[in-house]
Amino acid sequence: MKRLALIFSLFLTTPAFAGEITNKITDSVQLGVQGAAVQSTRIGASYSVSGSNIKVGSGNSDTFGGVNRTGTYDINTSGQAFSFSETKNASDTAVTSQSWSAGAIASPNLYGDSVTQLAGDKGTLAGSLSGTGVPTVTAGGPGSTATAQRTVELSVFK
């Protein structure tokens, strides 16, 4: 009886089907050219003064310097060593409007802290897909990128 049950159990198993095997090939090409860009940040005004053996004022004027004014300084003790340092940075004037042409700023305002990026050049940039081969790309000019990729996926008994 055990032999008969073993023989019938072989008929109940399912065989592997070729329909459960999948093969997927994906090709892609990505091309890009960087655009022109300007990043500009206004800087504020600053003033600093430092020294030794220096006093504020000379004569009747006792005025510290500043962003928008001139100070008056004198040596405190004549004949003694002294040091003096004065630094002034003027602030940027705010721009409230810009002119533009053909979708771009015609003449961008550059503040004291600015970074500019030139537009890329397409040059000979190209890419192609092939039904029988790997995708190809052709290099372009400065500021361009090209990426080609082939992905092969094989699934068995998914």
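So, in the stretch 89-117, exactly how many residues are surrounded by fewer than 10 Cβ atoms within 10 Å (Cβ to Cβ) and not small (Gly, Ala, Ser)?
We begin by selecting, within the stretch 89-117, every residue surrounded by fewer than 10 Cβ atoms within 10 Å (Cβ to Cβ); these are 93-94, 96-97, 99, 101-103, 106-107.
Still in the running and not small (Gly, Ala, Ser): 93, 96.
Result for the stretch 89-117: 2.
Which of the residues spanning the stretch 28-39 are of a type outside the set (A, V, I, L, M, F, W, C) and either in a loop (DSSP other than H, G, I, E, B) or under 14 Å from the mean Cα position of the chain (by Cα) (or both)?
Correct list: Gln34, Gly35, Gln39.
Would you check which residues across the stretch 62-78 are more than 14 Å from Gly44 (Cα to Cα) and outside any strand (DSSP E or B) and list them? Talk me through it step by step, then tell me what you get.
Taking the stretch 62-78 first, the residues more than 14 Å from Gly44 (Cα to Cα) are 62-65, 69-78.
Selection gives Asp62, Thr63, Phe64, Gly65, Thr70, Gly71, Thr72, Asn76, Thr77, Ser78.
Just to check your reading of the model, which residue among Gln30, Gln34 is of a type in the set (S, T, N, Q), at pLDDT 90 or above and surrounded by 13 or more Cβ atoms within 10 Å (Cβ to Cβ)?
Gln34
Any residue at all in the stretch 138-157 that's modelled with pLDDT under 85 and under 30 Å from Thr26 (Cα atoms)?
Kept after step one, since they are modelled with pLDDT under 85, are these residues of the stretch 138-157: 157.
Narrowing the set further to residues that are under 30 Å from Thr26 (Cα atoms) leaves 157.
Yes; the residues of the stretch 138-157 include at least one that is modelled with pLDDT under 85 and under 30 Å from Thr26 (Cα atoms).
Need the failing condition index for Ala81 against (1) at pLDDT 90 or above; (2) loosely packed, with under 13 Cβ neighbours inside 10 Å; (3) in a strand (DSSP E or B), just the number.
The number of the failed condition is (3).
Among the residues of the stretch 44-61 satisfying the criterion of being over 26 Å from Gly112 (Cβ atoms) and assigned to a loop (DSSP other than H, G, I, E, B), which is modelled with the highest pLDDT? I'd like the intermediate steps shown before the answer.
Residues of the stretch 44-61 over 26 Å from Gly112 (Cβ atoms): 51-61.
Right, trim to assigned to a loop (DSSP other than H, G, I, E, B) and you get 53, 57, 59-60.
On the way: Asn53: 90, Gly57: 75, Gly59: 63, Asn60: 62.
My answer is Asn53.
Please report, ordered by residue number, the strands (runs of 3 or more DSSP E) entirely within the stretch 85-158 with at least 2 residues that are hydroxyl-bearing (Ser, Thr, Tyr) and within 25 Å of the chain's Cα centre (by Cα). First the steps, then the outcome.
On the way: elements: 113-117, 126-128, 136-138, 144-156.
The qualifying strands (runs of 3 or more DSSP E) are 113-117, 144-156.
The values are calculated or read from the model by the stated rules, or taken from the named source; none is laboratory data. On a predicted model such as this, the values are computed, not experimentally measured, just so you know. Glycine also receives a Cβ, built like all others from the backbone with ideal geometry; neighbour counts cover every protein chain displayed.
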